[in-house]
Amino acid sequence: MSLFQTSVLKQHLSLQDNDVITKAYKKYTKYFLNPTIQDNIRSSKEEEYQGIFLTELFVNILDYTLKPKADFNLVAEYKNQNNARKADGAILKNDIVIGVIELKAQIQKT
């Protein structure tokens, strides 16, 4: 069973700009598919890599603007409104959280 109806998925995919997606994917593969970078990510602790991840993926590849820059739509260490916990990041639209970013350490295979 699919998560979305095929017609709904096709409609939303048709609204995407293929040039933007192609450029972003090229940036993604250049960074995240680089074997040296992959090894360094695997050997990093979550806290070490968190800021770099937000910058590389969300700012450099997906074109979000990270706080403290003007007109930001991405924040790091976003405090949950319901308790004292913090998410690693949050995507904002009109100062309202529309996405939460939570990094998790990779399970090492032995």
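Overview of values
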| quantity | calculated |
| --- | --- |
| Test set (1) at pLDDT below 90; (2) within 13 Å of the chain's Cα centre (by Cα); (3) not acidic (Asp, Glu) - Thr110 fails condition number | (2) |
| Matching residues in region 54-66 - criterion: being buried (at least 16 other Cβ atoms within 10 Å of the Cβ) and outside any helix (DSSP H, G or I) | Tyr64, Leu66 |
| Thr36 vs. criteria polar (S, T, N, Q), under 15 Å from Asn60 (Cα atoms) and out of contact with any Lys or Arg (no Cβ under 7 Å at 6 or more places or on another chain) | no |
| Residue in region 46-67 that is farther than 23 Å from Ala24 by Cα and either among the basic types (Lys, Arg) or modelled with pLDDT of 95 or more (or both) present | no |
| Meets criteria (closer than 23 Å to Tyr31 by Cα and loosely packed, with under 12 Cβ neighbours inside 10 Å) for Lys104 | yes |
| Cβ pairs under 6 Å, 6+ apart, first in region 70-90 and surrounded by 12 or more Cβ atoms within 10 Å (Cβ to Cβ), second basic (Lys, Arg) and not in a strand (DSSP E or B) | Val75/Lys67 |
| All positions within region 23-53 that are surrounded by fewer than 10 Cβ atoms within 10 Å (Cβ to Cβ) and either in contact (Cβ under 8 Å) with a residue 60 or more places away in the chain or part of a helix (DSSP H, G or I) (or both) | Pro35, Thr36, Lys45 |
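The values are calculated or read from the model by the stated rules, or taken from the named source; none is laboratory data. Here the structure is a predicted model, which means the values were calculated and not measured. Note that we place each Cβ from the backbone using ideal geometry, even for glycine, and neighbour counts take in every protein chain shown.
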